1. Identify the residue in the range 161-194 that is of a type in the set (Gly, Ala, Ser) and over 16 Å from residue 123 (Cβ atoms) and, among all such residues, is surrounded by the fewest Cβ atoms within 10 Å (Cβ to Cβ).
2. Considering only the range 50-63, I want to know if a residue exists there that is under 22 Å from residue 222 (Cα atoms), buried (at least 18 other Cβ atoms within 10 Å of the Cβ) and among the small types (Gly, Ala, Ser).
3. Scan the range 257-264 and give yes if some residue there is at pLDDT below 90, under 30 Å from residue 176 (Cβ atoms) and not hydrophobic (A, V, I, L, M, F, W, C), otherwise no.
4. Condition first: of a type in the set (S, T, N, Q) and either in contact (Cβ under 8 Å) with a residue 24 or more places away in the chain or closer than 18 Å to residue 131 by Cβ (or both). Now tell me which residues in the range 244-287 satisfy that.
5. Scan (1) farther than 12 Å from residue 100 by Cα; (2) in contact with a strand residue (DSSP E or B) (Cβ under 8 Å, 6 or more places away or on another chain) for the single condition residue 32 breaks and write down its number.
6. Determine whether the range 90-106 contains at least one residue that is at pLDDT below 95 and over 30 Å from residue 63 (Cβ atoms).
7. Could you look through the range 36-66, keep only residues that are in a loop (DSSP other than H, G, I, E, B) and in contact (Cβ under 8 Å) with a residue 12 or more places away in the chain, and pick out the one that is nearest to the chain's Cα centre (by Cα)?
8. Among (1) over 30 Å from residue 220 (Cα atoms); (2) surrounded by 14 or more Cβ atoms within 10 Å (Cβ to Cβ); (3) without any contact (Cβ under 8 Å) to a residue 12 or more places away in the chain, there is one condition residue 81 misses while meeting the rest; what is its number?
Amino acid sequence: MLSWIGIDVAKASLEIGIKPQGITFTTSNDHEGLAQLETCLGQLEVGRILMEATGGYEKLALRTLQKAGHNAVCINPVRARQFAEAMGKRAKTDKIDALVLADFASKIDDCRSQASTPERDELRELVKQRDRFVQQRDDNKRRLKQANSAVVIANFNQHIKHLRELIKQLDKVIKQATKSVDSDRAKQLMSVKGVGPVTVASLLCYLPELGSLDRREIAALVGVAPYNNDSGNRSGPRSIWGGRAKMRRVLYMACWAAILSNPEFKMRYSTLCARGKCSKVAVVACMRVFIVRLNAMVRDGTAWKAQAA
């Protein structure tokens, strides 16, 4: 009998739910606890192991279970909560959540998870830290415009200068870490106009599935696929929804760079605007074409080919 496993992750513990047996038990969120879990799973025929993203506390369990050969998958907590509500589960405890995740694991068939590696985890951490420093720098720039005190202005300027130096240092480390993850793919992506070192690093750590999905799947994963909104005779406007927000923000800036430097995308953007599309809709349309083309390029192992808009 195939068993489906749900794991509700906390900082110090893991609540395990097994369906259809309906069994729950708790173990510690460390190597010792995961060894006990692996012993238990060895007695079952496991179909899929499902857990929620929990601020990084799920990383050890996900990496350990994947390394052991299990189909362990991490999903957005919103999906799990929506599934629970759809199944009429209003109460929320660790045991209930674990069993709901086990139920969900038996229902979904579109959930994929790339095996994590220490090199990719290191790159992701570096990119996140750079994003934090950039956010702090930009926040201080905005606050500086409203400051009147000479002491406060001096503090802001000093902090901004320090953050700029830290960002420069991180850029060098990220460049080296990118090569450690996949130097050939990094070189291939860097050959595209509009794609810089930060975009390459983000693609490698936030979108490891690049090159392994079809055009519809990669657009949906990033969150630039238009979804229908029709009912009866009504045909509503298409809109994007979901996806990986961090990757989408990076792709947004990369696409603007491509529009400014690449005649093909400049023409595509101008044509959409001339047809009455607002600027943001036109950019998102270009983003979708951009990521689909990058996906095809990586999948086929070919160079970037210019196409007519």
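The values are calculated or read from the model by the stated rules, or taken from the named source; none is laboratory data. Here the structure is a predicted model, which is why all the values come from computation and not from measurement. Positions of Cβ are generated from backbone atoms using ideal geometry, with glycine treated the same way; all protein chains shown enter the neighbour counts.
1. It comes out as 191.
2. no
3. yes
4. Residues satisfying the conditions are 261, 262, 271.
5. Status for residue 32: all satisfied but (2).
6. Looking for residues that are at pLDDT below 95 and over 30 Å from residue 63 (Cβ atoms), one finds at least one in the range 90-106, hence yes.
7. Selected residue: 53.
8. It fails just one condition, (1).
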